[in-house]
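Asker: Mind having a look at this structure? Questions to follow.
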Number of protein chains: 2
Amino acid sequence: MHTTPRPLTAAPVAATAFGVVAPLNQGTALGDGVLGRWQLRNKERTIPHGIDRLEAVGNLDNLRRAAGQSDAPFRGLVFADSDVYKTLEAIAWELGHGGDDALHLFYDDTVTLLQEAQEESGYLNSAYQTADADRTPRRDHATVRERWTDFAFGHELYCAGHLIQAAVASARSLGDDRLLQVATRFADLIVREFGGPESPVYPGHPEIEYALVELYRLTEKKEYLNTAVAFIDRRGRGWLGDGVFGKVYYQDDTPVRDTEVMRGHAVRAIYLNSGAADVYLETGDATLLAALETQWDDMVSRRSYVTGGSGSRHRDEAFGDAYELPSDRAYAETCAGIAAMHWAWRMYLATGGAKYADFFETALYNVVADGLAESGDAFFYSNPLQLRADHLSVQEEAAATRLGWYYCACCPPNLMRTFASLEGYLAGVRGDELQLVQYTRSRIEAEMEGMRCVVDVDTEYPVDGRVRITVIEATRGSYPVGAPVGALALRVPGWCSGVNTLVNGSAVDVEPTDGWLRLEGALAAGTVVVLDFDLTPQVLVPDERIDAIRGCVAARRGPVVYCLEQRDNTADVDRATLDLEEPLAETETTTELGPVLAAAGAVREGGTGALYAPRGGTRPPAERTMLRLRPYATWGNGDPGAMRVWIPVTR
Amino acid sequence: MHTTPRPLTAAPVAATAFGVVAPLNQGTALGDGVLGRWQLRNKERTIPHGIDRLEAVGNLDNLRRAAGQSDAPFRGLVFADSDVYKTLEAIAWELGHGGDDALHLFYDDTVTLLQEAQEESGYLNSAYQTADADRTPRRDHATVRERWTDFAFGHELYCAGHLIQAAVASARSLGDDRLLQVATRFADLIVREFGGPESPVYPGHPEIEYALVELYRLTEKKEYLNTAVAFIDRRGRGWLGDGVFGKVYYQDDTPVRDTEVMRGHAVRAIYLNSGAADVYLETGDATLLAALETQWDDMVSRRSYVTGGSGSRHRDEAFGDAYELPSDRAYAETCAGIAAMHWAWRMYLATGGAKYADFFETALYNVVADGLAESGDAFFYSNPLQLRADHLSVQEEAAATRLGWYYCACCPPNLMRTFASLEGYLAGVRGDELQLVQYTRSRIEAEMEGMRCVVDVDTEYPVDGRVRITVIEATRGSYPVGAPVGALALRVPGWCSGVNTLVNGSAVDVEPTDGWLRLEGALAAGTVVVLDFDLTPQVLVPDERIDAIRGCVAARRGPVVYCLEQRDNTADVDRATLDLEEPLAETETTTELGPVLAAAGAVREGGTGALYAPRGGTRPPAERTMLRLRPYATWGNGDPGAMRVWIPVTR
């Protein structure tokens, strides 16, 4: 590695009972690669900015009021506490990397505040604890009612889930159990209230399910798992009522096991399936895994954006019909992209399928990375694939530029906790294989069947296609003498049309199987593997059934999807078309995700004058032009202007 | 005429001060043509069904409770009373045609109920009068607060507007002033409260503006006009606050005169402009007309569907950015289509422009007609231009079939009052010209510059292109002897590529000017004009900037837009493409709006397997097939299935 990796930290998902792949716990660290730099920016810019915002917009005052330390009226949405918890989770992971004094101070103060705000019963939710004095309706339909009376929109269990996840992170990463005590007191209350077989309760917004499973993994207390199982098993009976958007909105139209399509609110749907996957990983319930595989295939083959985004509708932040994938009104919420990473990781652990890691990668480098500005302190909530020059940017979920914070601020701290824990998703162990899943400059330590190994990964992937993997250490421990050494399994991404492989300087000719390049016996100290992925830019065509982008193509280089942005182009992006005769070319201009690409194109000015006209009218001639494309996730960091991922083909 | 026309009735818009065209009051009647049959179905099926629903879902009980005759809790949305008023308006127009006993009875009972529900002060709104006992939030964000405190979402002025329109209809059509007394007492209260120069009030949902202007036309009381002027002039200062969707939602971002684009909630935007047009018609304020013309051009050239629908977004029922016109998620609310007819009519009266009548015609035969089932008792709220076979029909604004009623039931009674008053929009008088605007079997009486004429129009338009116009009577009255007789001006629709004209059996060769064919001296008794419009089906192409329908074409015959519906086709409508080599052909199968069309097409089954794939993969061969298209407004009257207006071109 060029630079010392950041200190090792813990993984978001611990060892599971039924996963065929074991995650690495306290075994990976990011170096100075693309993901490592993102993690550092997150620590230095994004988290401090978030702390500042939580103070400014009232989240902390809400908790102070619940703790009897403030008279300020409750501010924000009914789930305001969850913004604090997600930020705390991010800080907990960062403190595992070492953190700094400011983060330590905020962490300590906030844990103390939560201890003081928590009621004797274990209950903790500032919106409800302060609601006696302020019961006005919130902007998102959720009115603060009596506690434990509005499971559809009340978000109490949702907030508890985020508290638990923050607590698990701090316990794993810091060995600090103060937050864990707060979380388990609340979790114990939830188990008492809703864990019993007669309880008709499940949350309108899933999230607590996988938090409880992780709390079970940490504490080994079975009642947490059982309550998560109950929330999954009960769901789909319609007990949440119709609400504003119908039962489908919160996946309450059909039980999880009977569901074949992704539908309703995208973040809810994917958090639910992440929780169901975690339940499978601890129960081995094959009916659950089968339903999840069916739903996964539905999502990826019919309802996902090329950026890994989910959610086609603004009205209810929901999945659309199959192939309903508009670019301009793509909702593709940042949180849904993060949720898909969570679900993908758990499906990978459950099955070992490389396709899940492929989708994780697509989401990470495109829809999720797009959520954050280069500066680290501004955010997209929705991530459309097209913005027109005249876009009326008056609604925060359809902003033309990233905003510093949101009234509904779920996405910013979700990005924080994601970037702070990225090293948890780089590799896994399956039998005697160390599987490298995401390539970035990093150090990976793993234990497998009695063997211990340390692997160094050196790469500027996905900017560069070369990945150099060095086995630093491979000690056999209790491994029987004479047994074969372990294998290295390297994911060959689904986008990849070609990869050259050198092992200790010699070319090897191994075909990947199901997305994995398995190198037998490679886990021996001193082994050096060099992968060269072909990053020649590709022109993508959509399935013909996606009406919204018919006649268009997109550019992709490795896992990175490109877009046309006005600031790079003199041609009118709203009217530009791409010529397929000439290949895409890399230019000298670089971005953090790869070079700017050049393409031959055309622009036709003027028009028929009528929006709809009989066929046969004359069109003004098209003028040839050069188009410049940049990685999608890097758009919107200059002056606002038109942008599009899918570019019409010149005809 | 083949049959006796229905009795003459009054016009929705009376003579104006500044319009260049005078509407005909009590001068037109529909015969047994397309519009006459629709009006009859409305009387016989739709209005009785609506009366039944108003009783069943609580609208009438709400008023009974306000009148102290019921203890039933308030049901429905905060603007529930407006459903009653729109139904009453429809009944008032129908009673002008003669009506029947059931309609008379309902009219009398309901007027009495309103008299009893109205407070001494003139205030009348059952949601607020019953709110003491029921202040729970409504499903559409609107909470019932204290009266006159929530102008943004409270809908009190909106409901008052509909009450006034019903009252004007009953006064004009029946000569009955009981409802007018109720309405003027309420209007007087509104004038006292909000008519003064210091009042900072205007309604979140425009509607009362044009109601007040019409009330002024009826009563000649200037304070009604002045209050309407004030509501128009004040708007755009942001006094309504941001609400859920921002100021733009209710056109409160910019003053009407400074606005260049259509934006925000489509029905609000178009009702507002109808009101502003009515203010222009009585004040002659040129700055207002100029702003309206600019906004009209923006709507028609950048933000309208080919069906005349408005509103591209479900989230806030709003106009989208320019060229943001998705077929599948077209909102195109029925009410917005009706609103556009209102605005178009007033712009025609103001300017004489045939283009406004063109748009009126497009909306009427497509988006508005689509709102009602053939059976007359089921309704579309939104009118998308595409429905996929797998459409998840769980939300009432995105239903796969027409529904019998709606929780938000604004559209059904809006259709009722529209069909009941259609004859008011057939013709106008400009100077010595009688202008025939919409062609349907009808009788038209007009007075113009002292002259009186009766014209008979015989046609099955738009099913048939032949229109036979006979001047039955033309008496010169006080017209000076020797002066030229009047002219007949016949609108040549914008879609029309050719028209043959015979006057008294002889071909005439007159070119239309600005959409009008002016026949000098034709207004003499006995003149027979025969128009033959060329209804050869046309293939339409969209402006290249409409991303959602790139590479697609649509079929139109006369003003009637066609669609591909699954019930007429064996080919999979979701995958069908159209061959441009062969012309569209008329088949023997007919519908109420014209023949089913046949087209050559193709279907490509299977696919690449991946939603997005590198260019160059092989595609399965396309199989040729015959496609059958039907008038858009007639779809959805059989088994539910896929539908699309814009059909991809075979490539």
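Asker: For the protein assembly as shown, take the alpha-carbon Rg, divide it by the Kirkwood Rh, and send me Rg/Rh.
Answerer: My calculation puts Rg/Rh at 1.01.
Asker: What three numbers, in Å, describe the spread of the alpha carbons of segment B:164-223 along their principal axes, ordered from the longest?
Answerer: Extents along the principal axes: 37, 20, 17 Å.
Asker: Taking all protein chains in place and a 1.4 Å probe, what share, in percent, of the accessible surface of the protein assembly as shown do carbon and sulfur account for?
Answerer: The nonpolar share, carbon plus sulfur, comes to 49 percent.
Asker: Moving on to the next point. Taking the Cα atoms of segment B:428-533, report the difference between the largest and smallest coordinate on each principal axis, in whole Å and largest first.
Answerer: Ordered largest first, segment B:428-533 gives principal extents of 40, 25, 24 Å.
Asker: For a paramagnetic label modelled at 7 Å from the Cα of A:Thr513 toward its Cβ, which residues of segment A:402-432 fall within the zone defined by backbone nitrogen distances under 16 Å?
Answerer: A:430-432
Asker: Based on the Cβ-Cβ distance of A:His104 and A:Met626, what FRET efficiency does E = 1/(1 + (r/R0)^6) give at R0 = 56 Å, to the nearest 0.05?
Answerer: 0.65
Asker: Calculate the dipole size of the protein assembly as shown relative to its Cα centre from +1 charges on Lys and Arg beta carbons and -1 charges on Asp and Glu beta carbons; express the result in debye to the nearest 20.
Answerer: Dipole about the Cα centre, nearest 20: 1000 debye.
Asker: Using label points projected 7 Å from each Cα along Cα→Cβ, tell me how many nm separate B:Asp52 and B:Ala290, to one decimal.
Answerer: With each label placed 7 Å out from Cα toward Cβ, I get 5.4 nm.
Asker: Does segment A:373-443 come out rounded, prolate or oblate by the C-alpha gyration tensor, with a ≥ b ≥ c the root eigenvalues, rounded set by a/c under 1.5 and, if not, prolate when a/b is larger than b/c and oblate if not?
Answerer: Prolate, because a/c is 1.5 or more and a/b exceeds b/c.
Asker: Using only C-alpha positions, report the orientation-averaged shadow area of the convex hull of segment B:512-554, nm², one decimal.
Answerer: Its Cα hull, projected and averaged over all orientations, spans 5.2 nm².
Asker: What distance in nm lies between label points placed 7 Å from Cα along the C-beta direction at B:Ala389 and B:Ile472?
Answerer: Inter-label distance under the simple model: 5.3 nm.
Asker: Heavy atoms of the protein only, probe of 1.4 Å, neighbouring chains included. What is the accessible area of A:Glu374 in Å², nearest 10?
Answerer: Approximately 90 Å² for this residue.
Asker: Give the A-B buried accessible area in Å², both sides summed, 1.4 Å probe, nearest 100.
Answerer: What A and B bury together is about 5600 Å².
Asker: Still on this structure: Could you list the square roots of 5 times each eigenvalue of the Cα gyration tensor of chain A, that is, the equivalent ellipsoid semi-axes, sorted largest first and rounded to whole Å?
Answerer: Semi-axes, largest first: 37, 33, 23 Å.
Asker: Compute the distance from the alpha-carbon center of segment B:424-439 to that of segment B:219-282, in whole Å.
Answerer: Cα centroid to Cα centroid, the span is 29 Å.
Asker: Moving on. Which FRET efficiency value, to the nearest 0.05, do you get for A:Trp239 and A:Ala17 by plugging their Cβ-Cβ distance into 1/(1 + (r/R0)^6) with R0 = 25 Å?
Answerer: 0.30
Asker: Residues of A:322-335, mean number of Cβ from any other protein chain within 10 Å of their own Cβ, rounded to a whole number?
Answerer: If you average over the peptide's residues, the count of other-chain Cβ atoms is 4.
Asker: About the Cα centre, and with charges only on the beta carbon of Lys, Arg (+1) and Asp, Glu (-1), how big is the dipole of segment A:428-533? Nearest 20 debye, please.
Answerer: I would put it at about 140 debye.
Asker: With N residues in segment B:539-648, what two-decimal value do you get for its Cα radius of gyration over 2.2 N^0.38 Å?
Answerer: The value comes to 1.12.
Asker: Continuing with this model, one more query. Calculated from DSSP H runs of 4 or more alone, at -39500 (n - 2.57) each and per residue, what is the 222 nm mean residue ellipticity of the protein assembly as shown, nearest 500?
Answerer: For the protein assembly as shown, the value works out to -9500 deg cm²/dmol.
Asker: Alpha carbons only, please: Rg and Dmax for segment B:197-284, in angstrom.
Answerer: That works out to 12.5, 39 Å for Rg and Dmax.
Asker: Past the 29 Å Cα-Cα mark, which pairs from B:Lys43/B:Lys247; A:Lys86/A:Lys221; A:Lys43/A:Lys222?
Answerer: Check vs 29 Å cut-off fails for B:Lys43/B:Lys247; A:Lys43/A:Lys222.
Asker: Can you give the accessible area of A:Arg604 in Å² (nearest 10), computed on protein heavy atoms with a 1.4 Å probe?
Answerer: 40
Asker: Give the span of segment B:292-366's Cα atoms along each principal axis, as three whole-Å numbers ordered largest to smallest.
Answerer: For segment B:292-366, the Cα extents along the three principal axes come out at 35, 24, 18 Å.
Asker: Quick check for me: using +1 on Lys/Arg Cβ and -1 on Asp/Glu Cβ, what's the dipole size of chain B about its Cα centre, in debye to the nearest 20?
Answerer: Charge dipole, chain B, about its Cα centre: 880 debye, nearest 20.
Asker: From the residues A:Ala522, A:Leu490, A:Ile444, which one has its Cα farthest along the dipole of segment A:428-533 in the positive direction, the dipole being from +1 and -1 charges on Cβ of Lys/Arg and Asp/Glu about the Cα centre?
Answerer: The residue sitting most towards the positive pole is A:Ile444.
The values are calculated or read from the model by the stated rules, or taken from the named source; none is laboratory data. For clarity, every value in this text was computed on a predicted model and none was experimentally measured. Quick reminder, even Gly has a Cβ in these numbers, built from the backbone with ideal geometry, and neighbours come from all protein chains shown. Just so you know, the surface numbers come from the protein's heavy atoms only, side chains and all, with ligands and any DNA or RNA stripped out. Shrake-Rupley method; radii C 1.70, N 1.55, O 1.52, S 1.80 Å.
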